[in-house]
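Q: Would you mind keeping the following structure in view while I ask a few things?
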Amino acid sequence: MSTGSGSRALGGDIGGTKTTIAWIGSDGRVTASETYPSRSFANLDSILREFLNTRPGDPEAAVFAVAGPVAEGRSHVTNLPWTISVEAVQAAFDIPRVLLLNDIEALAWAIPRLGAQDLFTLQAGDPSKKGPIAVLAPGTGLGQALLMPLEGDVRVFASEGGHADFAPTDEIQRALLDFLAREYDHVSYERIASGSGLPNIYRFFRDERGVREEPTTERSLLAADDPTPAIIEAALEETSPLCMQTVELFVSVLGAEAGNLALKALATGGVYLGGGLPPRLLPFLKEAPFLDAFRQKGRFKSLMQSIPVHVILQPQAALLGAARFARTQQQEEIRRES
């Protein structure tokens with residue numbers, strides 16, 4: 001967001017688990033940031049006040065990437081009891097210009113600026129420079145977005161595709177769907193292929209399939225406020241067969257849905273996995289189940305093999321994308337006024 005020489009803007013990446021607030025320079029770079037546990041705060045205002053107390057300044061603008069749909073300058077955060085509005089932030093902090101956008105939309109805006117060091121490639125494929133790009137981001141929820149390259153520019157489309165109906169691909173997944181349908185009136189991909197979905201898979205194997213947990217991991221899970229990190233840690237350390245089965249099924253479902261999104265978008269420019277989980281689960285994503293599920297699309301298997309698949313490693317990608325979005329919006333306004 002260009003606000004003049006030496007000026008600064010506030011940026012935010014607001015998720016169901018954590019919220020990162022940062023100062024963003026006029027060049028679009030993050031100059032200072034702090035991360036907060038979202039559920040420890042009543043609203044975004046309280047986090048902004050704490051940030052400005054420790055890193056004071058007078059922001060001339062602000063842009064926030066929000067984990068939820070954005071309409072008419074307002075957003076109800078999907079996995080938090082927060083409502084965020086442009087007008088409320090402007091009034092509370094006397095910021096002249098405030099923008100909101102979906103967090104996965106922000107992630108998509110960052111993709112053209114990411115370098116090789118910011119990515120881990122799972123499948124090199126044969127990318128088309130003019131082809132659409134699909135973004136899939138399992139964090140607390142399952143965000144999705146699409147990016148369309150244009151002549152010297154891009155167009156980004158937000159999506160709530162993570163809430164589409166879960167479609168099982170084998171007997172175990174059909175049993176999982178039946179198990180979750182007894183609890184939820186609508187079983188979406190987000191109920192499974194997300195941080196909030198991992199415990200659902202875990203409960204399925206434990207309660208429905210009778211897989212027993214080893215005592216040490218069981219104690220860790222009982223003591224945890226959020227079982228998801230403990231499940232992932234035990235799976236990575238290979239100390240719990242139950243947690244390993246959970247993550248293996250998670251990865252398979254994520255691969256199938258990444259393939260679904262790639263087909264719907266004809267994402268010959270590539271599929272990018274963002275969010276908090278993929279970098280942590282790289283050892284599992286590199287194994288066969290993920291790409292097997294991604295490619296198994298019947299007559300279109302050869303197409304799926306040609307689509308690049310990358311994991312985004314850059315932790316501040318959403319912030320960088322939000323800043324780029326803000327600069328683009330400002331440039332469009334200048335063009336309209338000229």
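Q: For the stretch 315-330, how many residues meet the condition of being over 15 Å from Val154 (Cβ atoms), in contact with a strand residue (DSSP E or B) (Cβ under 8 Å, 6 or more places away or on another chain) and surrounded by fewer than 24 Cβ atoms within 10 Å (Cβ to Cβ)? Break it down stepwise before answering.
A: Restricting attention to the stretch 315-330, the residues satisfying the condition of being over 15 Å from Val154 (Cβ atoms) are 315-316, 318-319, 330.
Right, trim to in contact with a strand residue (DSSP E or B) (Cβ under 8 Å, 6 or more places away or on another chain) and you get 316, 318-319.
Then drop every residue that is not surrounded by fewer than 24 Cβ atoms within 10 Å (Cβ to Cβ), which leaves 316.
Qualifying residue count, the stretch 315-330: 1.
Q: Name the one entry in Glu238, Glu248, Glu233 that is in a loop (DSSP other than H, G, I, E, B) and surrounded by fewer than 24 Cβ atoms within 10 Å (Cβ to Cβ).
A: Working: Glu248 fails: in a loop (DSSP other than H, G, I, E, B); Glu233 fails: in a loop (DSSP other than H, G, I, E, B).
None of the other options fit; the residue is Glu238.
Q: Here's something else I'd like to know. Where the second residue is surrounded by 13 or more Cβ atoms within 10 Å (Cβ to Cβ) and modelled with pLDDT under 95 and the first is among the basic types (Lys, Arg) and lies in the stretch 79-97, which pairs have Cβ atoms under 6 Å and are six or more apart or on separate chains?
A: Arg97/Ala61
Residue by residue, here is whether (1) assigned by TED's automatic domain parsing to the domain that holds Arg295; (2) more than 13 Å from Gly274 (Cβ to Cβ); (3) out of contact with any Ser or Thr (no Cβ under 6 Å at 6 or more places or on another chain); (4) of a type in the set (S, T, N, Q) holds:
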{"residue": "Leu114", "(1), (2), (3), (4)": "no, no, yes, no"}
{"residue": "Gln117", "(1), (2), (3), (4)": "no, yes, yes, yes"}
{"residue": "Ile133", "(1), (2), (3), (4)": "no, no, yes, no"}
{"residue": "Ala137", "(1), (2), (3), (4)": "no, no, yes, no"}
{"residue": "Leu150", "(1), (2), (3), (4)": "no, yes, yes, no"}
{"residue": "Arg174", "(1), (2), (3), (4)": "yes, yes, yes, no"}
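Q: Tell me yes or no: at least one residue of the stretch 203-222 is crowded, with 16+ Cβ neighbours inside 10 Å, in a strand (DSSP E or B), modelled with pLDDT under 95 and among the aliphatic types (A, V, I, L, M).
A: Looking for residues that are crowded, with 16+ Cβ neighbours inside 10 Å, in a strand (DSSP E or B), modelled with pLDDT under 95 and among the aliphatic types (A, V, I, L, M), one finds none in the stretch 203-222, hence no.
Q: Oh, and also: With the requirement that a residue be out of contact with any His (no Cβ under 7 Å at 6 or more places or on another chain) and either farther than 15 Å from Tyr189 by Cα or surrounded by 24 or more Cβ atoms within 10 Å (Cβ to Cβ) (or both), what does the stretch 258-272 give you? Steps first, please.
A: Start the filter on the stretch 258-272 by keeping residues that are out of contact with any His (no Cβ under 7 Å at 6 or more places or on another chain), which leaves 258-269, 271.
Answer for the stretch 258-272, where residues must be out of contact with any His (no Cβ under 7 Å at 6 or more places or on another chain) and either farther than 15 Å from Tyr189 by Cα or surrounded by 24 or more Cβ atoms within 10 Å (Cβ to Cβ) (or both): Ala258, Gly259, Ala262, Leu263, Lys264, Ala265, Leu266, Ala267, Thr268, Gly269, Val271.
Q: Looking at Ala22, is it surrounded by fewer than 23 Cβ atoms within 10 Å (Cβ to Cβ), among the small types (Gly, Ala, Ser) and in contact (Cβ under 8 Å) with a residue 60 or more places away in the chain? Steps first, please.
A: Details: surrounded by fewer than 23 Cβ atoms within 10 Å (Cβ to Cβ): no; among the small types (Gly, Ala, Ser): yes; in contact (Cβ under 8 Å) with a residue 60 or more places away in the chain: yes.
No, not satisfied.
Q: Assess whether Gly275 counts as being part of a loop (DSSP other than H, G, I, E, B), in contact (Cβ under 8 Å) with a residue 12 or more places away in the chain, within 27 Å of Ile172 (Cα to Cα) and of a type in the set (Gly, Ala, Ser). Even if it seems obvious, please write down each step before you answer.
A: Working: part of a loop (DSSP other than H, G, I, E, B): yes; in contact (Cβ under 8 Å) with a residue 12 or more places away in the chain: yes; within 27 Å of Ile172 (Cα to Cα): yes; of a type in the set (Gly, Ala, Ser): yes.
It is true that Gly275 is part of a loop (DSSP other than H, G, I, E, B), in contact (Cβ under 8 Å) with a residue 12 or more places away in the chain, within 27 Å of Ile172 (Cα to Cα) and of a type in the set (Gly, Ala, Ser).
Q: List the strands (runs of 3 or more DSSP E) that sit entirely inside the stretch 78-174 and contain at least 1 residues that are modelled with pLDDT under 90 and buried (at least 18 other Cβ atoms within 10 Å of the Cβ).
A: Details: elements: 83-85, 97-102, 119-123, 133-138, 142-150, 153-159.
Passing ranges, in order: 153-159.
Q: As an exercise: evaluate Leu48 against (1) out of contact with any Ser or Thr (no Cβ under 8 Å at 6 or more places or on another chain); (2) at pLDDT below 95; (3) surrounded by 13 or more Cβ atoms within 10 Å (Cβ to Cβ); (4) not small (Gly, Ala, Ser) and give the number of the one condition it does not meet.
A: (2)
Q: Does the stretch 56-68 hold any residues that are surrounded by 15 or more Cβ atoms within 10 Å (Cβ to Cβ) and of a type outside the set (Asp, Glu), and which are they? Reasoning before the result, please.
A: Applying the first criterion (surrounded by 15 or more Cβ atoms within 10 Å (Cβ to Cβ)) to the stretch 56-68 yields 59-68.
Correct list: Pro59, Ala61, Ala62, Val63, Phe64, Ala65, Val66, Ala67, Gly68.
The values are calculated or read from the model by the stated rules, or taken from the named source; none is laboratory data. This is a predicted model, so every value here is computed, not measured. All Cβ positions, glycine included, derive from the backbone under ideal geometry; neighbour counts span all protein chains shown.
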